[in-house]
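Novice: My questions will all concern the structure given below.
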Amino acid sequence: MTHQEAAQSANLIFICVHREHYEFLKTLAPHLEGKVLVDLSNNLKKNKYPEANAAYLQRLVPKAAVVKGLNTLSAWALQNGLLAGKQVYLCGNNAAAKQAVAEMATKLGLAVLDRGSLSAAREIEDFPLRLFPEWRLPLCVALGLTAFFFFYLLIRDVIYAYVEKDQNISYRIMVSLANKVFPIVSLVMLSLCYLPGVIAAFLQLYRGTKYRRFPDWLDRWMLCRKQMGLVALGFAFLHVVYTLIIPIRYPFEYNLIKQVQRAAPNQNQTTPLHFDNTEAWGADSFFVTGILGFFLYVLLGLTSLPSVGGSLSWREFSFVQSKLGYLTLFICTTHGYIYGWNKFLRRSTYKWYTPPAFMLCLIVPSVVLVLKFILLVPCVDRTVMRIRQGWERRRPRGETDDMKATNM
């Protein structure tokens, strides 16, 4: 059918063309009178035009009701039907038109957020232009941790050896030093994924209710936990790759040949080697916990992908991300403790009276695991579950059941 026939036969019309092609709608203005026009357009950059696209459309077709919205949905999500629970924004000057679009979006399984009048259209159009807004905090934290531990290890290992022992081991910066920084940042980032959930549980215990908002910093922290976990997985992957290349490095081969020469001073005489069963247990346990921890790491990362997580039920997804997540944190923390099991009490470990980096990185995950263990105590766990199911320790004065239902 023609554009005119299509406009006459529909009450809700989606405008899926670029702003520069809106001019043809002026010819359809008589047929669009009283219709609801949903503007889905986006721009290539901010402030490209003096006014929002939806405001421009409303000016071209003044007798239609323009609603800006649904422009934040990705084509990939639409094509694969992964719309359930996704949030969309709407704005417009006509309340009835916004209600019609909101009802349609709700039927698709979308969560609708009304941003007010059409003056908010520019803000909504700028949403898709944001560059990784959920990734900024995790990346800043990872960058800060990487810089801190890199310079901390640089001082303790390289500079200390040069000043105190007159040894130039600067070559370790490229591989050895980096291979210490990557697992440290990975473990701390993983623990930071689960720390806000623990803090939230204790906050609910303290308040005795789930109907009060979390502080803004905690809410923002909890919203970027998936990104923090993926960044942690990236650092863990780098640690694995760096560890695999260690046997082919020149310093490793040189030290190995040197040890063989010390064990056999000449061809006719060899020094018997003593097998240390404790060292063997420690080495094997260290490797096993590292392998298992990385396997669970990858499993958590795969289930965070929409294509994989969307195929899981809520109970399955919660089991993987919560139960297996804490198990991953426990195994990786154990991996760190085994690494330093015979080094904690050595005086040589504390160079310039500073603790080793692996000891510092174990603080946060250890705190998270201890707090989680407290939450698993039956009496505490039972109270937390009751609060999250709607029970309140006490009801504030003046609050009615209707107010509670509204908060829910």
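The values are calculated or read from the model by the stated rules, or taken from the named source; none is laboratory data. As the structure is a prediction and not an experimental result, all values here were calculated from the model. Methodologically, a virtual Cβ is constructed for each residue, glycine included, from the backbone with ideal geometry; neighbour enumeration extends over all protein chains shown.
Novice: For segment 1-26, how many residues are out of contact with any helix residue (DSSP H, G or I) (no Cβ under 8 Å at 6 or more places or on another chain), touching a residue at least 24 places away in the same chain (Cβ under 8 Å) and assigned to a helix (DSSP H, G or I)?
Specialist: So the count comes out to 0.
Novice: Of the residues Ala105, Ala121, which is in contact (Cβ under 8 Å) with a residue 24 or more places away in the chain, under 26 Å from Leu312 (Cβ atoms) and either in a helix (DSSP H, G or I) or not assigned by TED's automatic domain parsing to the domain that holds Asn11 (or both)?
Specialist: Answer to the check: Ala105.
Novice: Do any residues in segment 281-292 that are in the same structural domain as Thr333 (by TED's automatic domain parsing) and within 18 Å of His239 (Cβ to Cβ) have Cβ atoms under 6 Å from those of residues that are in a helix (DSSP H, G or I) and not hydroxyl-bearing (Ser, Thr, Tyr), where the two are at least six apart or on different chains, and which pairs are they?
Specialist: Final answer for the pair search is Ser285/Ile338; Phe286/Ile338; Thr289/Ile331; Thr289/His335; Gly290/His335; Leu292/Ile331.
Novice: Another question, if that's okay. So in segment 373-390, with the set limited to residues that are among the β-branched types (Val, Ile, Thr) and without any contact (Cβ under 8 Å) to a residue 60 or more places away in the chain, which one is surrounded by the fewest Cβ atoms within 10 Å (Cβ to Cβ)?
Specialist: This residue is Val377.
Novice: Regarding Val368, is this residue in a helix (DSSP H, G or I), aliphatic (A, V, I, L, M), in the same structural domain as Phe182 (by TED's automatic domain parsing) and surrounded by 18 or more Cβ atoms within 10 Å (Cβ to Cβ)?
Specialist: Yes; evaluated as a whole, the condition is true for this residue.
Novice: Further, regarding this structure: If Lys45 satisfies all but one of (1) modelled with pLDDT under 90; (2) charged (D, E, K, R); (3) over 26 Å from Lys26 (Cα atoms), what's the number of the condition it fails?
Specialist: Against the list (1) modelled with pLDDT under 90; (2) charged (D, E, K, R); (3) over 26 Å from Lys26 (Cα atoms), Lys45 comes up short only on (3).
Novice: Looking at segment 27-54 only, could you name the residues that are in a helix (DSSP H, G or I) and either surrounded by 13 or more Cβ atoms within 10 Å (Cβ to Cβ) or touching a Cys at 6+ places or on another chain (Cβ under 6 Å) (or both)?
Specialist: Within segment 27-54, Leu28, Ala29, His31, Leu32, Asn53, Ala54 qualify.
Novice: Consider segment 56-88. How many of its residues are among the small types (Gly, Ala, Ser), farther than 19 Å from Ala7 by Cα and surrounded by 18 or more Cβ atoms within 10 Å (Cβ to Cβ)?
Specialist: Kept after step one, since they are among the small types (Gly, Ala, Ser), are these residues of segment 56-88: 64-65, 69, 74-75, 77, 81, 84-85.
Retained after the next criterion (residues that are farther than 19 Å from Ala7 by Cα): 69, 74-75, 77, 81, 84-85.
Checking which are surrounded by 18 or more Cβ atoms within 10 Å (Cβ to Cβ) leaves us with 69.
The qualifying residues number 1.
Novice: Further question on the same structure: For a quick check of your reading: which helices (runs of 4 or more DSSP H) sit entirely within segment 150-227 and have at least 3 residues that are touching a residue at least 12 places away in the same chain (Cβ under 8 Å)?
Specialist: Counting at least 3 such residues, we get 176-207, 216-223.
Novice: Turning to a different aspect of this structure: Taking Ala29 as meeting all but one of (1) closer than 26 Å to Leu113 by Cβ; (2) touching a residue at least 12 places away in the same chain (Cβ under 8 Å), write down the number of the exception.
Specialist: Looking at each condition in turn, Ala29 falls short on (1).
Novice: Next question, about the same structure. Which ones in segment 323-359 are at negative phi and without any contact (Cβ under 8 Å) to a residue 12 or more places away in the chain?
Specialist: Lys323, Leu345, Arg346, Arg347, Ser348, Thr349, Tyr350, Pro355
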